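What follows is a short report on a single structure.
The values are calculated or read from the model by the stated rules, or taken from the named source; none is laboratory data. The shown structure was predicted, so the numbers you read here are calculated from the model rather than taken from an experiment. Cβ placement follows ideal geometry from the backbone for every residue including glycine, while neighbour counts extend to all protein chains displayed. For the accessible areas, the whole protein counts, side chains as well, though only heavy atoms, and no ligand, DNA or RNA atoms are used. Shrake-Rupley method; radii C 1.70, N 1.55, O 1.52, S 1.80 Å.
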Amino acid sequence: MEFDDDVALDTSQVQDTRGSGGVGGRVALGGGGLGLVGLIVYFVLSQLGGLPASVPLSTGGVRDGQSLSSSDLSKECRTGKDANTKDDCALVAIINSIQGYWTDQFSRSGRTYEPATTTFFSGSVNTGCGGATADVGPFYCPADGRVYIDLSFFKELQTRFGAQGGTFAEAYVLAHEYGHHVQNLLGTSDKVRPGTGPTSDGVRLELQADCYAGVWANHATTVPTSSGKPLIKSISQDDVNRALDVAARIGDDYIQKNLGNGRVDESQFSHGSSQQREKWFTAGINSGNPTTCDTFGTRNLG
Ligand SMILES: [Zn+2]
């Protein structure tokens with residue numbers, strides 16, 4: 001994918017806490033229905049020798065005190081030209097594009113989109129959903145309306161999940177998390193009943209977020225960002241293939257088979273199979289219309 005060199009980036013949509021030392025020792029994945037929604041089943045990385053995922057729950061609430069160093073990004077990432085040359089600036093550009101699309105889409109349907117900040121962290125972070133470590137993978141916290149990501153996840157995708165990677169593969173991950181933000185704004189997430197399994201509400205929520213990611217991708221080269229122009233100049237078939245490659249490698253069955261105990265147990269599905277995740281991302285990218293992402297209204301999830 002290529003960004004337009006001349007279009008301005010909006011770094012205010014990203015909070016960069018990397019290098020601030022995180023929140024110190026013992027933080028935790030929010031328990032007790034705090035409702036953090038991730039990209040993958042959360043214990044995967046910890047099973048593979050990462051940090052412990054279940055440790056005592058820390059205090060809730062966002063600790064904005066943990067060093068707001070977005071100023072560095074604002075110096076580093078000024079235009080699409082920076083996005084074409086620096087990885088973290090590319091992510092800023094992608095976040096701008098995703099939110100540009102949803103701002104536009106919401107206003108078309110008479111609603112107001114509320115922008116969500118993405119926090120880049122390293123190691124651990126405190127959120128409105130409790131503390132979390134990088135083990136949970138990228139996630140969205142409905143309680144504070146923010147996306148959180150330790151960028152080392154993108155390396156994990158390649159080294160542990162065997163993904164090809166690439167900027168557009170990363171864009172799919174971010175667009176999926178923003179899909180959860182959209183669900184939160186629309187009230188969809190509130191209706192989800194807890195539980196796992198191939199037709200569970202949780203799987204339907206995740207597949208819808210994949211579909212919303214595809215819908216954004218359909219519009220990515222045309223939708224203006226706050227500067228008034230589209231930031232993304234082109235997306236290739238290879239880019240789309242790389243996003244689909246990631247979707248396949250974070251499917252529940254793929255993870256259970258290749259990163260778990262080797263057996264596929266559908267009753268434990270929380271995000272959908274590889275095939276389903278590819279199917280719904282593709283449905284979104286083909287239609288470009290969020291109403292086609294009705295994973296709750298269909299019997300056939302794929
Ligand atoms: Zn998700």
Using a cut-off of 14 Å between beta-carbons, work out the net charge of the residues near residue 266 (Lys and Arg +1, Asp and Glu -1, residue 266 not included).
-1
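Please arrange 236, 189, 12 by accessible surface area, largest first, computed with a 1.4 Å probe and ligands excluded.
Details: 236 55, 189 30, 12 90 Å².
Listed by decreasing accessible area, they come as 12, 236, 189.
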Using a 1.4 angstrom probe on heavy atoms only, work out the carbon and sulfur share of the accessible area of segment 225-275 in %.
43 percent
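Hey, any idea what % of segment 57-206's accessible area is carbon plus sulfur with a 1.4 Å probe?
Of all accessible area on segment 57-206, carbon and sulfur atoms account for 47 percent.
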By accessible area (1.4 Å), largest first, 95, 285 order as 285, 95
Hey, can you rank 107-117, 196-206 by average C-beta count inside 10 Å, highest first?
196-206, 107-117
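Convex hull volume of the Cα atoms in segment 95-196, per residue, in Å³? Walk me through the intermediate numbers first.
Working: hull volume 11.9 nm³, N = 102.
Convex hull of Cα atoms, per residue: 117 Å³.
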Using only Cα atoms, locate the centre of segment 69-134 and the centre of segment 1-16, then give the distance between them in Å, rounded to an integer.
9 Å
With all distinct Cα pairs included, what does the Kirkwood hydrodynamic radius of segment 194-286 come out to in Å, to one decimal, could you say?
14.1 Å
Mind checking the per residue accessible area of segment 162-228 for me, 1.4 Å probe, whole number of Å²?
31 Å²
Using a cut-off of 13 Å between beta-carbons, work out the net charge of the residues near residue 290 (Lys and Arg +1, Asp and Glu -1, residue 290 not included).
-1
What number of lysine-lysine pairs in segment 155-302 show an alpha-carbon separation below 30 angstrom, given a sequence spacing of 8 or more or placement on distinct chains?
6
Using DSSP, restrict attention to beta bridges with both residues in segment 77-215 and report what percent are antiparallel, rounded to the nearest 5.
65 percent
